[in-house]
Each structure stands twice: as structure tokens, then as C-alpha cells.
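The values are calculated or read from the model by the stated rules, or taken from the named source; none is laboratory data. None of the values given here were measured: they were computed from a predicted structure. Glycine also receives a Cβ, built like all others from the backbone with ideal geometry; neighbour counts cover every protein chain displayed.
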Amino acid sequence: MRGFTVFETLISMLIFSIITVALGLAVVAGKNALFTNDLPTQLRQNLLFAIVAMNRELRQTAPSKTNIGASSSNNYITFKIPHDNNGDGLTVDAIGSIEWGKDITYARDGSNRLIRTQAGTTSIISSEISALQFSRPAGEADILQIDIAAQGANNTGSWQDTEQAIIKMRN
């Protein structure tokens, strides 16, 4: 009789399982190494995420509802966006004036994070932010400029990336 014994089948399955697990672990380790050691990409993603988050809200504000302030090492921006305050489903009142929500503040905290604060609730938007600057170009009341930088280091060196956004306030 020709064929495999139960013992031979079990040994071959064991060897196949060990090879499969080893290959799976190698793929996972390679994937993790790619994403965790690519600090320049992480910094770029932090900057872009920060810009997108701020841009989404700042486009909705008005120059008269925006205040750029300065702290010891950075500046911050406080503004309001349209909000349905009376629950009628509209962001304008009965006479057509915009209903403004509570103050929103974007700033860099002491741990190099971009934070958003509204009504006493603070949320972290992005990390590894080394500089944050808000400004208005001269003669452009409805234009807001954001300059932001991210910095980090790993075992291969120190990295820095910067980004600038120009936002036109609509209201």
C-alpha cells in the first residue's frame, strides 16, 4: 500500500504551519517597520491633518469674529463659526443675521500639540507641532495665513517639515 501515515501527515502540517506563521510575522514586522520608522511621512501627515482641520472651520468665520493673539512662544486664534443657536435648523435668525456659536481657539500647547478648545472642551488635533503662526496679510481683511512646522527625531536623525495655508474667510 502506498500513501502517507498519520504521523507523516501531522509532521508535514506542523512544518507548513510553522512556515506560514513565520511568513506572516515577517510581513507584519516589515509593515510596522515601514510605518513607524518613516518619521518624515508622519510629520507631513501631522501637518496636513492640522491644516485640514483648521481650514474646515476657519473658512466659515468672518474677519470681525476672528482674533489673533500672542503667547510667549506662539500665537493663537480665537473665532466663531455660524451655529444654529435657536434650534430652527438655520444659522440665520428671523431678520437674516448670522447666529454665531461659541468661541473656538486653536493654539499650540506646551507639549508641542495643536489643540482646539471650545466651550471648555479641549481636543488634541495633531502632535509634534514645533511652531504655529497665524497672520493676516496687509490689506486683506478676509485672508488668513497659517504657518505651521512639525519636528521630530528618531534613531536615524532629526527631521523638520513646514507648511503654509492661505484661507479665505467666507462670512
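Some observations on this one:
- Selection of the stretch 79-110 for residues being out of contact with any Asp or Glu (no Cβ under 8 Å at 6 or more places or on another chain), assigned to a loop (DSSP other than H, G, I, E, B) and not hydrophobic (A, V, I, L, M, F, W, C) yields G87, D88, G89, G96, S97, G101, K102, D103, D109, G110.
- For the stretch 129-147, the criterion of being within 21 Å of R59 (Cβ to Cβ), small (G, A, S) and surrounded by 14 or more Cβ atoms within 10 Å (Cβ to Cβ) is satisfied by no residue at all.
- For the stretch 121-162, the set of residues classified as over 23 Å from N67 (Cα atoms) and aliphatic (A, V, I, L, M) consists of A150, A153, listed by residue number.
- Note on the stretch 27-42: among residues that are farther than 15 Å from N154 by Cα and aliphatic (A, V, I, L, M), the one that is modelled with the lowest pLDDT is A29.
- Residues in the stretch 43-95 that are farther than 30 Å from N154 by Cβ and within 18 Å of the chain's Cα centre (by Cα): R56, E57, L58, R59, I77.
- N67 being assigned to a strand (DSSP E or B), surrounded by fewer than 17 Cβ atoms within 10 Å (Cβ to Cβ), free of Cβ contacts under 8 Å to residues at least 24 places away in the same chain and not hydrophobic (A, V, I, L, M, F, W, C): yes
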